[in-house]
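The values are calculated or read from the model by the stated rules, or taken from the named source; none is laboratory data. Keep in mind that this is a model prediction, so the values were computed, not measured. With ideal geometry, Cβ positions are generated from the backbone for all residues, glycine too; neighbour counts draw on all protein chains shown. Keep in mind that these areas ignore ligands, DNA and RNA; they rest on the heavy atoms of the full protein, side chains included. Shrake-Rupley method; radii C 1.70, N 1.55, O 1.52, S 1.80 Å.
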Amino acid sequence: MTSETKKTVLSIKDLKVDFETATGTINAVQGVDIHVQAGETVAIVGESGSGKSQTMMAAMGLLASNGHTRGEVIYEGRNILGLPAGKLNKIRGAKITMIFQEPMTSLDPLYTIGRQLAEPMVVHGGLSWKAAKAKALDLLKLVNIPEPERKINAYPYEMSGGQRQRVMIAMSLANDPDVLIADEPTTALDVTTQAQILDLLADLQKRLGMAVIFITHDLGIVRRIADRVYVMKTGEVVESGETGQIFNQPAHAYTRMLLDAEPTGHKLPVPDSTPVLLEAQKVSVEFELDSGFLKPSHVLRAVDNISFSLRKGQTLGIVGESGSGKSTLGRAVLNLLPAGGRVVFHGQQITGKSRAEMRALRKDMQLIFQDPFGSLSPRMTVGQIISEGLMVHEPALNGRQRDERACQALEEVSLDPAMRNRYPHEFSGGQRQRIAIARTMVLKPELVVLDEPTSALDRTIQKQVVELLRDLQKAHGLTYLFISHDLAVVRALSDTVMVMQRGKVVEAGTVDAIFEAPKSDYTKELIGAALLPQQQMMETA
């Protein structure tokens, strides 16, 4: 069946979305036209704030109370935009379903997976609870959940991120939908889990014949799965077309900018004569886990006898799937949790030092987190956040001097010092990450551990943050321990790479050695799943 003869199952026409706020009306979506055919995958791409998610939330009738819509959303020949909730509920959750970016916040922590899967089949499909529970088990098998008979009685916190996302997909398929809307469903997942979820969606779509609308800022995913693409910027569709056309012959400058936003560049390795700043020798971290009532606890070895050295000015990238132990290793290196083995910083052993003994060293050893919004106090201004560390580590400074240092730090991360009296919620995700970096840089550290600092950012913002980190490293001779599952960013920033799996190092070497001639099957699997730019170009060719 050719695309010309396929049935259009959902059509959005001249959709406008406005939000009434205390400071006026925000025109979030401005006259958007989008359609999707049976069995087709359509991608909607653009940066945060482009209106892509609000377009589909409006189509589903899920806008916030201050949101207003105009236009048409045509499903089965009628306009469903503005239908009463009772009538709309017969369509959404049944024939048009949606899965969201973060499954942990979408699943109810108080109910079992089976209960949550069964409920939409009872509410929308009219099944009995017994029949719905039986179909829920079939759905778990369909989305390849391991041990489905056991997992159906599990709670969300007992499952991995990838498994929770599979549950959300199963829930969306419960009533045999015609259209599945997937809003950034793989952003928080590591590359291998992401690849598994994408393969699963493609397989389910082929088997069930449903249309898929995939909302994302990751163009690597778009190239891999989409038949057609809509590119959105500031509430408007600026370009649309077949995927090959969009990638090979982009017509709009914004599309070209998005395509050029992959982190690029190559860090030269530091000379072997450069002094070693940090040395880890057989570092291990164990956690005692509760096995349940009247059952003996068992020990999980999260980091297993890992050794490495880090020279001044060097960037060691640590990669691996979620649960590989890379973040735990980073915290062990900073002596933020108990660990076996030995860590030496500047010739001084820090393993086993007390909190008080570590205070003098904390200024030189800093940590930047994945989620800047969660790590910035909402009750403090940006200036207070940045200068807070100075009160602890440089108490001789007066208020004016601290304020001057905060202004200098903001300038260094390309933010206006005049913003220092604003609060974190008033900034974008990229700006908040710059604030988190400024908070670190104001102390003039030597070693910075960066734990997934770009994973929640758009590609365009990621590229800017990567360039900022490069500039700061060059200006101050910084040494980075860069933890990430984003191999494109690791390749752009690191001069050496260590690959972790289940707490162990499976491979280590220079960036070129790891990415161009990987030795272990696990490293090859990671690189294959990441679909890096060179791979994408080769596949297109």
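What is the chain's relative contact order, in percent, from Cα pairs under 8 angstrom and six or more apart in sequence? All intermediate terms of the calculation are to be shown ahead of the outcome.
Details: 1034 pairs, mean separation 80.0, N = 541.
After rounding, I find 15 percent.
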> For the chain, with every protein chain kept in place, what is the accessible area per residue (1.4 Å probe, Å²)?
Replying inline: 46
>> Helix 161-172 against the longest principal axis of the chain: what's the angle in degrees, Cα atoms only, rounded to the nearest 10?
In response: 10
> For the pair residue 70 and residue 160, what calculated FRET efficiency results from E = 1/(1 + (r/R0)^6), where r is the Cβ-Cβ distance and R0 = 35 Å, to the nearest 0.05?
Replying inline: 0.25
> Where the accessible area of the chain is counted over protein heavy atoms with a 1.4 Å probe, how much of it, in %, is carbon and sulfur?
Replying inline: 50
> Karplus couplings for region 250-263 from phi (6.51 cos²θ - 1.76 cosθ + 1.60, θ = phi - 60°), rounded to Hz, Gly and Pro as x?
Replying inline: x, 9, 9, 4, 5, 4, 4, 5, 4, 5, 8, 8, 4, x
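Go ahead and run the numbers for FRET between residue 525 and residue 401, Cβ-Cβ distance against an R0 of 56 Å, rounding to 0.05. Can you show the working numbers first?
On the way: r = 52 Å, r/R0 = 0.93.
It comes out at approximately 0.60.
Magnitude of the Cβ-charge dipole of region 357-443, K/R +1 and D/E -1, about the Cα centre, nearest 20 debye? All intermediate terms of the calculation are to be shown ahead of the outcome.
Working: 12 positive and 11 negative charges, 33 e Å.
Using Cβ point charges on Lys, Arg, Asp and Glu, region 357-443 gives about 160 debye.
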> So which aspartates and glutamates pass the test for residue 504, namely a Cα distance under 16 Å, with those fewer than 8 places away in the same chain ruled out?
Replying inline: 286, 304, 321, 521
>> How much of the DSSP bridge set in region 180-294 is antiparallel, in percent, rounded to the nearest 5?
In response: 60
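When a/c reaches 1.5 or more, the comparison of a/b and b/c decides; with that in mind, is region 201-291 rounded, prolate or oblate per its Cα gyration tensor?
oblate
Could you rank the peptides 116-127, 334-345 by their average count of other C-beta atoms within 10 Å per residue, with the highest value first? Display every interim value, and only then the final one.
Numbers: 116-127: 19.0, 334-345: 17.4.
Packing proxy ranking, top to bottom: 116-127, 334-345.
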> What is the magnitude of the charge dipole of region 382-541 about its Cα centre, with +1 placed on the Cβ of each Lys and Arg, -1 on the Cβ of each Asp and Glu, and no other charges, expressed in debye to the nearest 20?
Replying inline: 280
> Considering only Cα-Cα distances, which of the following residue pairs are longer than 26 Å: 233/463; 90/135; 267/524; 13/135; 141/326; 95/206?
Replying inline: 13/135; 141/326
> For the chain, what does -39500 (n - 2.57) per DSSP helix run (n ≥ 4), summed and divided by total residues, give at 222 nm, in deg cm²/dmol to the nearest 500?
Replying inline: -10500 deg cm²/dmol
>> From the phi angles alone, apply the Karplus equation (6.51, -1.76, 1.60; θ = phi - 60°) to region 13-24 and give each ³J(HN,Hα) in whole Hz, x where the residue is Gly or Pro.
In response: 10, 6, 6, 10, 10, 10, 10, 8, 10, 5, 9, x
>> Helix 191-208 against the longest principal axis of the chain: what's the angle in degrees, Cα atoms only, rounded to the nearest 10?
In response: 10
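Go through 198-209, 78-89 and give me the packing order, highest mean Cβ count within 10 Å leading.
198-209, 78-89
If you count the DSSP beta bridges with both ends in the chain, what percent of them are antiparallel, to the nearest 5? Don't jump to the answer; show the numbers that get you there.
Details: 50 of 86 bridges.
Bridges in the chain that DSSP calls antiparallel: roughly 60 percent.
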> What's the longest bit of the chain with no exposed GluC sites (Glu not before Pro), using DSSP loop states and at most 16 other Cβ atoms within 10 Å as the test?
Replying inline: 77-541
> What angle, in degrees between 0 and 90 and rounded to the nearest 10, separates the Cα long axis of helix 459-476 from the longest principal axis of the Cα atoms of the chain?
Replying inline: 0
> Rounded to the nearest 20 Debye, what is the dipole magnitude of the chain about its Cα centre when Lys and Arg each give +1 and Asp and Glu each give -1 at the C-beta?
Replying inline: 960
> Rounded to the nearest 10 Å², what accessible area does residue 52 show when all protein chains are kept and the probe is 1.4 Å?
Replying inline: 10
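Sequence gap at least 6, Cα distance under 8 Å: using those rules, report the relative contact order of region 207-310 to the nearest whole percent.
Details: 102 pairs, mean separation 17.2, N = 104.
Here the relative contact order equals 17 percent.
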